[in-house]
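Structure, as structure tokens:
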Amino acid sequence: PNMKIAQKVDLEKIIAETGDDSKQKNADPSTPFQSLKRNSISYMRTEKIDGKEVYIFQGTPEIADVEEMSFVPEKLEIGIYADSGMISKMVMINKEGKEMMSQTYSNIRLNIDIPDSEFEFSAPGGVQVIDITKSTLNMMKQTGEEEEQIVQDSVLLQ
């Protein structure tokens, strides 16, 4: 804000050129178990939240580089509305079985009409918008090449 600069990235172009839409899937509320190890998910119980039936599941988070993170849950509890399949809550549980943090989702409305104009970004007056799509692609390609070289080097060492 102090520099009056906004950045934009064309995600469709990134996905088209890299074929990687995993970041999109992780943010998708219709796939609430995406962040859990598949073989760790268990049904725990049914609750009522705001008068609606909610199925509670528990699982182990799928987290890369866990040792580098200071705030790592041992388990996640995820509540799913029975009528819509949408997430209603998420509870992070530590190694002692105590709640670390929780998120609750309410006032969820499905299939409502939203005009396209709601998705158009207009920068405030005096703000310069910089498109960083090309530099993001270059960085992703460079990172991918470096990872590929590391794999090739490790194969040669074996």
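For the reader, a short list of remarks on this structure follows.
- Region 30-121, accessible surface, carbon-and-sulfur percent (1.4 angstrom probe): 47
- Rolled with a 1.4 Å probe across the full set of protein chains, the surface gives residue 108 an accessible area near 60 Å².
- In the structure shown, the pairs 13/75; 89/134; 8/141; 48/75; 8/75; 37/98 are assessed against 25 Å; a Cα-Cα span above that value is assigned to 13/75; 89/134; 8/75.
- Sequence-distant residues sharing a close amide H with residue 10 (under 5 Å, placed H): 133
The values are calculated or read from the model by the stated rules, or taken from the named source; none is laboratory data. Bear in mind that the values here come from a model prediction, so they are computed numbers and not experimental data. SASA here: full protein model, heavy atoms, side chains in, ligands and nucleic acids out. Shrake-Rupley method; radii C 1.70, N 1.55, O 1.52, S 1.80 Å.
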